[in-house]
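The values are calculated or read from the model by the stated rules, or taken from the named source; none is laboratory data. All of these numbers come straight from a predicted model, not from anything done at the bench. Neighbour counts are summed over all protein chains in view; Cβ atoms, including those assigned to glycine, are modelled from backbone coordinates with ideal geometry. For the accessible areas, the whole protein counts, side chains as well, though only heavy atoms, and no ligand, DNA or RNA atoms are used. Shrake-Rupley method; radii C 1.70, N 1.55, O 1.52, S 1.80 Å.
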Amino acid sequence: MAYQAPTPELLARARAVLADAPVVDGHNDLPWALREQVRYDLDACDIAEDQSHRLHTDLARLRAGGVGAQFWSVYVRSDLAGEHAVSATLEQIDVVHRLVDRHPGDLRLALTADDMETARAEGRIASLMGAEGGHSIDCSLATLRALYALGVRYMTLTHNDNVPWADSATDTPAAGGLTAFGEEVVREMNRLGMLVDLSHVSADTMRHALRVSRAPVVFSHSSSRGVCDHPRNIPDDVLAQLPANGGLAMVTFVPKFILPEAIAWTQRADANMAERGFHPLDTTPAAMECQRAFEAADPRPVATPATVADHLDRMREIAGVDHIGIGGDYDGTAFTPVGLEDVSGYPNLLAELLRRGWSEADLSKLTWQNAVRVLRAAEEAARAEQALRGPSIATIDQLDG
């Protein structure tokens, strides 16, 4: 069925919700796009200007989308290993700080839930950071603490490949979830107040981390496996554990994770990219030209806001409205749903949910309240943990042999 834009009445209601409860988006890969496209030259790619020709994100579209807080992903590819991964992550963190410094009227660095509320009151976009993949700490708890000190407030335990202490959703299982060192990583994150992000990890790793964590976990950009059977999505039994944990599952918009028909198409598109010498996650202009040429020859199945809403309906049914959020994955994917093409599209999703009977109060939980609550709960858990123990100096060799 072709996408039908929402009615003006529904859009007006959606924007009224966002005026009071703006979107906290769990995952945006703008820092990596800036690395790939302009090598962090913010003069060459100024997000105060229209960047719609090459990015999903700029300040005007964030404002149009009703975004009030953004977790900027300080992701690095998992084929960067060891010290190279650490230094690349530091470069990613640096560019987020530079963006905030460059645009003080629009962005505010946020390290706490109170900072998020202050930014909202000031009319600025709270800028938080999340590290995507445990390879970024090179099996070092001291490096984990350093990332926290620099402002990182969640870490995704893996990306697309396993780390030595945790299994990824898209790699061959090796640890059976978490190793003993992996458990210590989770405990140290709890002690710091850094959210444990379970997007990208295997279902066994999800379940293992939920057993270990003494603070709420998040899924920064994952959808429902019951709606779309992709290993990157969350099984129903894991969603059902979120109320007891207090955690948050933030739906993503990536078509291959939300639309079953898009899975096989994406596999063909990725193979085409590899044949032409591109990484499947490459979003440089040359890579995108390659993707568009493939799409012209082999039209892709198209997702819409209704596709995303199907996932949110299922996630709400199982986990409850207090445990769901939004993590679009903009600038980290080549393709987006029609109606959600970029960060200006969030009102279209809310309009679809209003059409389905969601209340304004429940939408406010989805967009703002749940994410703020979860970060505040992690801060409270950290204070309790810090009263019990100091920083861990355990090593992977000591715990895993």
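Identification of helices (runs of 4 or more DSSP H) wholly contained in the range 191-294 with 1 or more residues that are among the polar types (S, T, N, Q), open to solvent by less than 10 Å² (accessible area, probe 1.4 Å) and under 30 Å from THR143 (Cα atoms) yields 203-212.
The set of residues in the range 359-378 being polar (S, T, N, Q) and either within 23 Å of GLY130 (Cα to Cα) or open to solvent by 60 Å² or more (accessible area, probe 1.4 Å) (or both) consists of SER364, THR367, GLN369, ASN370.
Picking from residues in the range 14-35 that are surrounded by fewer than 19 Cβ atoms within 10 Å (Cβ to Cβ) and of a type in the set (D, E, K, R), the one that is nearest to GLN92 (Cα to Cα) is ARG35.
Within the range 101-126, residues that are assigned to a helix (DSSP H, G or I) reach partners that are open to solvent by 20 Å² or more (accessible area, probe 1.4 Å) with beta carbons closer than 7 Å, at six or more positions or on different chains, in the pairs ALA113/ARG376; ALA113/GLU379; ALA119/ARG108; GLU122/ARG108. Picking from residues in the range 157-190 that are among the aliphatic types (A, V, I, L, M) and not in a helix (DSSP H, G or I), the one that is nearest to GLU380 (Cα to Cα) is LEU157.
Okay, residues lined up against (1) more than 22 Å from HIS159 (Cα to Cα); (2) open to solvent by 20 Å² or more (accessible area, probe 1.4 Å); (3) in a loop (DSSP other than H, G, I, E, B); (4) not basic (Lys, Arg):
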{"site": "VAL302", "(1), (2), (3), (4)": "yes, yes, yes, yes"}
{"site": "ALA306", "(1), (2), (3), (4)": "yes, yes, no, yes"}
{"site": "LEU312", "(1), (2), (3), (4)": "yes, no, no, yes"}
{"site": "ARG316", "(1), (2), (3), (4)": "yes, yes, no, no"}
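Within the range 47-61, being touching a Leu at 6+ places or on another chain (Cβ under 9 Å) and either closer than 15 Å to ASP101 by Cα or of a type in the set (Ser, Thr, Tyr) (or both) holds for ILE47, ALA48, THR57, LEU59. For the range 61-100, filtered to residues that are outside any loop (DSSP other than H, G, I, E, B) and of a type in the set (Lys, Arg), the residue that is least open to solvent (accessible area, probe 1.4 Å) is ARG61. Scanning the range 73-93 for residues that are more than 17 Å from LEU281 (Cβ to Cβ) and touching a residue at least 12 places away in the same chain (Cβ under 8 Å) yields a count of 6.
Considering the range 36-60, and only residues there that are in contact with an Asp or Glu (Cβ under 9 Å, 6 or more places away or on another chain) and in a helix (DSSP H, G or I), the residue that is surrounded by the fewest Cβ atoms within 10 Å (Cβ to Cβ) turns out to be ALA60.
Of all residues in the range 127-145, none satisfies being free of Cβ contacts under 8 Å to residues at least 40 places away in the same chain and open to solvent by 40 Å² or more (accessible area, probe 1.4 Å).
Say we look at the range 149-170 and pick out the residues that are over 18 Å from PHE219 (Cβ atoms) and surrounded by fewer than 21 Cβ atoms within 10 Å (Cβ to Cβ); which of these is farthest from the chain's Cα centre (by Cα)? So, considering only residues that are over 18 Å from PHE219 (Cβ atoms) and surrounded by fewer than 21 Cβ atoms within 10 Å (Cβ to Cβ), the one farthest from the chain's Cα centre (by Cα) is PRO164.
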